[in-house]
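A.B. asks: Structure in C-alpha cells, see below.
The values are calculated or read from the model by the stated rules, or taken from the named source; none is laboratory data. None of the values given here were measured: they were computed from a predicted structure. All Cβ positions, glycine included, derive from the backbone under ideal geometry; neighbour counts span all protein chains shown.
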Amino acid sequence: MKIIEEKNPSPALAHDITRLVSQLSDSASALTESGLAEIINSPHTVLFTAQENNIVYGMLILLVYRIAVGRHAYIENIVVDQLARGKGIGSQLVSAAIKRARKEGARHIDLTSAPHREAANHLYLKLGFEKRTTNVYRYQVKQ
Ligand SMILES: CC(C)(COP(=O)(O)OP(=O)(O)OC[C@H]1O[C@@H](n2cnc3c(N)ncnc32)[C@H](O)[C@@H]1OP(=O)(O)O)[C@@H](O)C(=O)NCCC(=O)NCCS
C-alpha cells in the first residue's frame, strides 16, 4: 500500500474521494473536480491517499497553518474503504500526516472524533494522540 500526497486533481480522483467521504458522512455532497483542485492547490492542505494498483483505499486531509502561537496542524476527513479496514491503512495515513506536520514545523496536531467512532478513537490513542478536555462548538452559517 502506497501513501501518496496528491498533486493533480482529476475527475477519477474526485470520484474516489466522494466514494470514501460518503462512508464518513451521509450528508456529504459529491466533490467536484474544482473542489478537489481547491484542496490540492491550497498551501494549507495536503490530501493523502492510500493506493494499491491504482485503487484508492483511503484518504486523509492534513491542514497546516500559522497562528499567533506557532504553526498548527489539524487532521480531517480520514476514512478507509469499509472493505479494506483493519489492515493498518488508517495507521499508515495518520503516520504520514504526523511526518509531514513535523516537517512543516507544527507544534501540535489536533483532531476531533465522535465517541461512537470506536475504531478511530482507538487508532488515535494507539498512535500517541492524547484526549484533551475542551468544549467543541459549531456555528451553522446560513448562506
Ligand atoms: C478509523 C478508520 C479510518 C481506521 O482505518 P483502518 O485502516 O481500519 O485502521 P487500522 O487498520 O490502521 O487500525 C484500526 C484499529 O482500530 C481497531 N478497531 C477496529 N474496529 C474497532 C472497534 N469497533 N472498536 C475498537 N477498535 C477497533 C483495530 O483493531 C485496529 O487497532 P489495532 O491495530 O490495535 O488492532 C476506519 O475505521 C474508518 O474509515 N472508519 C469510518 C470513518 C471514520 O470513523 N473516520 C474517523 C473520523 S474522526
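A.B. asks: Which numbered condition trips up Asp16, out of (1) part of a helix (DSSP H, G or I); (2) acidic (Asp, Glu); (3) more than 19 Å from Ala96 (Cβ to Cβ)?
C.D. replies: Among (1) part of a helix (DSSP H, G or I); (2) acidic (Asp, Glu); (3) more than 19 Å from Ala96 (Cβ to Cβ), the lone unmet condition for Asp16 is (3).
A.B. asks: Go through (1) loosely packed, with under 13 Cβ neighbours inside 10 Å; (2) of a type in the set (Lys, Arg); (3) more than 12 Å from the ligand (Cβ to nearest atom) for Arg100 and report which single condition fails.
C.D. replies: Every listed condition holds for Arg100 apart from (1).
A.B. asks: Any residue in region 57-72 that is in a strand (DSSP E or B) and over 24 Å from His44 (Cβ atoms)?
C.D. replies: Going residue by residue through region 57-72, those that are in a strand (DSSP E or B) are 57-67, 70-72.
Add one more test, that the residue is over 24 Å from His44 (Cβ atoms), and what stays is 57.
Taking every residue of region 57-72 in turn, at least one turns out to be in a strand (DSSP E or B) and over 24 Å from His44 (Cβ atoms).
A.B. asks: Could you grab the pairs with beta carbons closer than 8 Å, sequence gap of 6+ or different chains, first residue in region 106-126 and of a type in the set (S, T, N, Q), second one part of a loop (DSSP other than H, G, I, E, B) and surrounded by 13 or more Cβ atoms within 10 Å (Cβ to Cβ)?
C.D. replies: Hits for this filter: Asn121/Ser113.
A.B. asks: Take the conditions more than 13 Å from the ligand (Cβ to nearest atom), of a type in the set (S, T, N, Q) and either touching a residue at least 60 places away in the same chain (Cβ under 8 Å) or in contact with a strand residue (DSSP E or B) (Cβ under 6 Å, 6 or more places away or on another chain) (or both) and apply them to Thr45. Does it pass?
C.D. replies: Values: more than 13 Å from the ligand (Cβ to nearest atom): yes; of a type in the set (S, T, N, Q): yes; either touching a residue at least 60 places away in the same chain (Cβ under 8 Å) or in contact with a strand residue (DSSP E or B) (Cβ under 6 Å, 6 or more places away or on another chain) (or both): yes.
When the stated conditions are applied, Thr45 passes them.
A.B. asks: Among the residues of region 70-84, write down those that are in contact with a helix residue (DSSP H, G or I) (Cβ under 7 Å, 6 or more places away or on another chain) and within 13 Å of the ligand (Cβ to nearest atom). Let's see the steps before the verdict.
C.D. replies: First pass over region 70-84, keeping only residues in contact with a helix residue (DSSP H, G or I) (Cβ under 7 Å, 6 or more places away or on another chain): 73, 75, 77-81.
Passing the criteria: Ile75, Asn77, Ile78, Val79, Val80, Asp81.
A.B. asks: Further question on the same structure: Looking at Ile55, Ile17, can you tell me which residue is at pLDDT 95 or above, buried (at least 17 other Cβ atoms within 10 Å of the Cβ) and either in contact with a strand residue (DSSP E or B) (Cβ under 7 Å, 6 or more places away or on another chain) or not aromatic (Phe, Trp, Tyr) (or both)? Reasoning before the result, please.
C.D. replies: On the way: Ile55 fails: buried (at least 17 other Cβ atoms within 10 Å of the Cβ).
Exactly one of Ile55, Ile17 is at pLDDT 95 or above, buried (at least 17 other Cβ atoms within 10 Å of the Cβ) and either in contact with a strand residue (DSSP E or B) (Cβ under 7 Å, 6 or more places away or on another chain) or not aromatic (Phe, Trp, Tyr) (or both), namely Ile17.
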